[in-house]
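Asks: Have a look at the structure that comes next, please.
The values are calculated or read from the model by the stated rules, or taken from the named source; none is laboratory data. Computed from a predicted structure; not experimentally measured. In this analysis, Cβ positions are derived from the backbone assuming ideal geometry, glycine residues included, and neighbour counts consider all displayed protein chains.
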Amino acid sequence: MNNSVGSTARLLGAGLRALLVLTVICGVIYPLAVTGIAQALFNDKANGSEVRSEGKVVGSELIGQTYDLPLKKGQETAAPDLKWFQPRPSNGLGENSVNTQYKLILSGATNLAGDNKDLIANVRAAKAAVVKDNSTADFKVKPSDVPAEAVTSSGSGLDPDISPRYAELQAHRVAERNGLGVHKVEKLVDEHTDGRSLGFVGDPRVNVLQLNIALKELVADKG
């Protein structure tokens with residue numbers, strides 16, 4: 001009986017020591033080590049790839065944002081603020097319908113098939129809007145000029161980038177709305193165009209948030 005109690009006590013003691021040691025290693029030392037290495041070697045990425053403007057964090061270069069006018073009474077969807085470069089559509093999953101106290105926008109794809117009538121209608125409406133919004137007095141956009149990402153959302157619905165082609169298509173409208181020369185805006189797009197990763201992965205891209213920050217600075221310098 002005593003041997004049984006003693007064995008049980010030793011097992012419990014060993015288990016408790018193992019719990020304490022593993023808690024310290026896995027719950028304290030390991031997280032601190034990983035955090036320290038991340039902060040030392042990948043500080044920007046570890047902190048969420050924050051983008052700053054005028055000393056304030058205005059977003060992340062990994063997450064897209066909308067550039068809309070204030071929602072008017074009776075409107076369900078805000079109109080885009082056309083003085084800014086516009087990102088890809090972010091249809092996603094819409095508003096959070098579970099906890100309506102917080103009007104969160106959830107990320108995700110529409111999951112609609114290519115022949116879905118709603119998707120086709122949305123794409124056609126989006127293409128017509130891109131043509132209308134980006135046509136100016138001296139620059140007319142044709143439906144064939146509109147790239148695919150201008151009328152479709154990404155798989156996450158949060159894509160922060162657009163193609164140089166879509167950015168260039170918007171340059172005339174942005175220049176007109178901000179009283180800038182088109183060549184200055186096109187130069188801005190060129191300066192904020194990133195090439196393929198490692199020289200061959202993916203496609204050239206333009207980060208919309210970074211581009212709009214540069215646009216804001218250009219407009220301020222004009223004034």
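Asks: Condition check: out of contact with any Pro (no Cβ under 7 Å at 6 or more places or on another chain) and in contact (Cβ under 8 Å) with a residue 12 or more places away in the chain. Does Thr136 satisfy that? Can you show your working first?
Replies: Details: out of contact with any Pro (no Cβ under 7 Å at 6 or more places or on another chain): yes; in contact (Cβ under 8 Å) with a residue 12 or more places away in the chain: yes.
Considered against the rule, which asks whether it is out of contact with any Pro (no Cβ under 7 Å at 6 or more places or on another chain) and in contact (Cβ under 8 Å) with a residue 12 or more places away in the chain, Thr136 comes out as yes.
Asks: Leu180 fails exactly one of the following numbered conditions: (1) surrounded by fewer than 19 Cβ atoms within 10 Å (Cβ to Cβ); (2) assigned to a helix (DSSP H, G or I). What is the number of that condition?
Replies: Going through the list (1) surrounded by fewer than 19 Cβ atoms within 10 Å (Cβ to Cβ); (2) assigned to a helix (DSSP H, G or I), Leu180 breaks only (2).
Asks: Given the criteria in contact (Cβ under 8 Å) with a residue 40 or more places away in the chain and more than 18 Å from the chain's Cα centre (by Cα), does Leu180 qualify? Can you show your working first?
Replies: Working: in contact (Cβ under 8 Å) with a residue 40 or more places away in the chain: yes; more than 18 Å from the chain's Cα centre (by Cα): yes.
For Leu180, the condition - in contact (Cβ under 8 Å) with a residue 40 or more places away in the chain and more than 18 Å from the chain's Cα centre (by Cα) - is met.
Asks: Also, quick follow-up: (1) surrounded by fewer than 10 Cβ atoms within 10 Å (Cβ to Cβ); (2) at pLDDT 90 or above; (3) basic (Lys, Arg): which one isn't true of Lys72, the others all being true?
Replies: Going through (1) surrounded by fewer than 10 Cβ atoms within 10 Å (Cβ to Cβ); (2) at pLDDT 90 or above; (3) basic (Lys, Arg) one by one, Lys72 breaks only (2).
Asks: Further question on the same structure: Quick check on segment 145-165. Is at least one of its residues within 21 Å of Ala125 (Cα to Cα), more than 22 Å from the chain's Cα centre (by Cα) and assigned to a helix (DSSP H, G or I)?
Replies: yes
Asks: Considering each of Gly94, Gly27, Gly55 in turn, give the residue that is modelled with pLDDT under 85 and either over 30 Å from Val182 (Cα atoms) or not assigned by TED's automatic domain parsing to the domain that holds Leu211 (or both). If you could, list the steps in order and put the result at the bottom.
Replies: Details: Gly27 fails: modelled with pLDDT under 85; Gly55 fails: either over 30 Å from Val182 (Cα atoms) or not assigned by TED's automatic domain parsing to the domain that holds Leu211 (or both).
After applying the criteria, what remains is Gly94.
Asks: Those residues that are exposed (fewer than 12 other Cβ atoms within 10 Å of the Cβ) and either of a type outside the set (A, V, I, L, M) or in a helix (DSSP H, G or I) (or both), I need them from segment 196-216; list them, please. Don't jump to the end; show me each part of the working.
Replies: Taking segment 196-216 first, the residues exposed (fewer than 12 other Cβ atoms within 10 Å of the Cβ) are 196-202.
Residues satisfying the conditions are Arg196, Ser197, Gly199, Phe200, Gly202.
Asks: Next up: Just checking, how many residues over segment 40-74 are part of a loop (DSSP other than H, G, I, E, B), over 27 Å from Ala175 (Cβ atoms) and of a type in the set (S, T, N, Q)?
Replies: 2
Asks: If you don't mind, there's one more thing I want to ask. Which number in (1) over 30 Å from Asp115 (Cβ atoms); (2) touching a residue at least 24 places away in the same chain (Cβ under 8 Å) marks the one condition that Asp145 misses?
Replies: (1)
Asks: Just to verify a result, which residue in segment 98-132, among those that are surrounded by fewer than 15 Cβ atoms within 10 Å (Cβ to Cβ) and assigned to a helix (DSSP H, G or I), is modelled with the lowest pLDDT?
Replies: Asp118
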